[in-house]
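Derivation of every value follows stated rules applied to the coordinates shown; laboratory data play no part. Please read these numbers as outputs of a predicted model, since none were measured by experiment. Note that we place each Cβ from the backbone using ideal geometry, even for glycine, and neighbour counts take in every protein chain shown.
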Amino acid sequence: MRQSNKPIRTRAPDGVVVGKPVGLRLLQEERDELISIATIENRSIAAQARVFFLAGLELYKHQKSA
């Protein structure tokens, strides 16, 4: 049981579904690069993967509408 009334801190933005993770298979070199960039950006590996996913999603949408 929690001892205080402080809200639980989470790294995920409001509204992100945290109970249903999506697995992502990467080559070892890709994973190493992801970890390196996440470290530089001071993010978790999952948060950095989400940043890349969102950027790729925007690119995909832009290309589909062109």
Taking every C-alpha to C-alpha distance in the chain and binning by 5 Å from 0, the per-bin percentages run 3, 13, 18, 19, 19, 13, 8, 4, 2, 1, 0
With only helices counted (DSSP H, runs n ≥ 4, each -39500 (n - 2.57)), the per-residue ellipticity at 222 nm for the chain, to the nearest 500, works out to -17500 deg cm²/dmol
Farthest towards the positive end of the dipole of the chain, among VAL22, SER65, THR39 and with Cβ unit charges of +1 on Lys and Arg and -1 on Asp and Glu, lies the Cα of VAL22
